[in-house]
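Just below is one structure, and these are the notes that go with it.
No lab work stands behind these numbers, since they all come straight from the coordinates. Predicted model only: the values in this text are computed from it and were never measured. No Cβ is skipped: glycine too gets one built from the backbone with ideal geometry, and neighbour counts run over all protein chains shown.
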Amino acid sequence: MSPLTPPPSTHLDIDRDSVGRDLAALVLTVVELLRQLMERQAIRRIDAGGLTDGQVERIGTTLMLLDQRMAELCDQHGLTPEDLNLDLGPLGTLLPRD
């Protein structure tokens, strides 16, 4: 750095609304990823046939409630399901497209 070059600024200009929305999107993305993984695991267990009818019913109800709650949380934070699907470049998107 030459004596005429000012030092780089250490101050970041942050939009609080944007930071809050982006943090909510990140947290909900992780929750949605875990929800989808749990759903796939539950379907594998159901397909394997090792569950009672009551267990299958509880799993179905729980998965429906989780899906509804995720939709509510997205609405509360002004997000859409597409906002949660991070683009990983050449790898594609984080979440599978339904």
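Using Cβ counts within 10 Å as a stand-in for footprinting exposure, how do MET70, MET64 rank, fewest first?
On the way: MET70 18, MET64 10.
Exposure proxy ranking, most exposed first: MET64, MET70.
Per the Cα gyration tensor, the chain maps to an equivalent ellipsoid with semi-axes of 42, 16, 10 Å, ordered largest to smallest.
Summing -39500 (n - 2.57) over the DSSP H runs of n ≥ 4 in the chain and dividing by its residue number, what mean residue ellipticity at 222 nm do you reach, to the nearest 500 deg cm²/dmol? Computed mean residue ellipticity for the chain: -21000 deg cm²/dmol. One compactness figure for the range 20-77 is 1.34, namely its Cα radius of gyration divided by 2.2 N^0.38 Å.
For the chain, the longest principal axis of the Cα atoms and the long axis of helix 53-76 meet at an angle of about 30 degrees.
For the chain, the longest principal axis of the alpha carbon atoms and the long axis of helix 16-48 meet at an angle near 30°.
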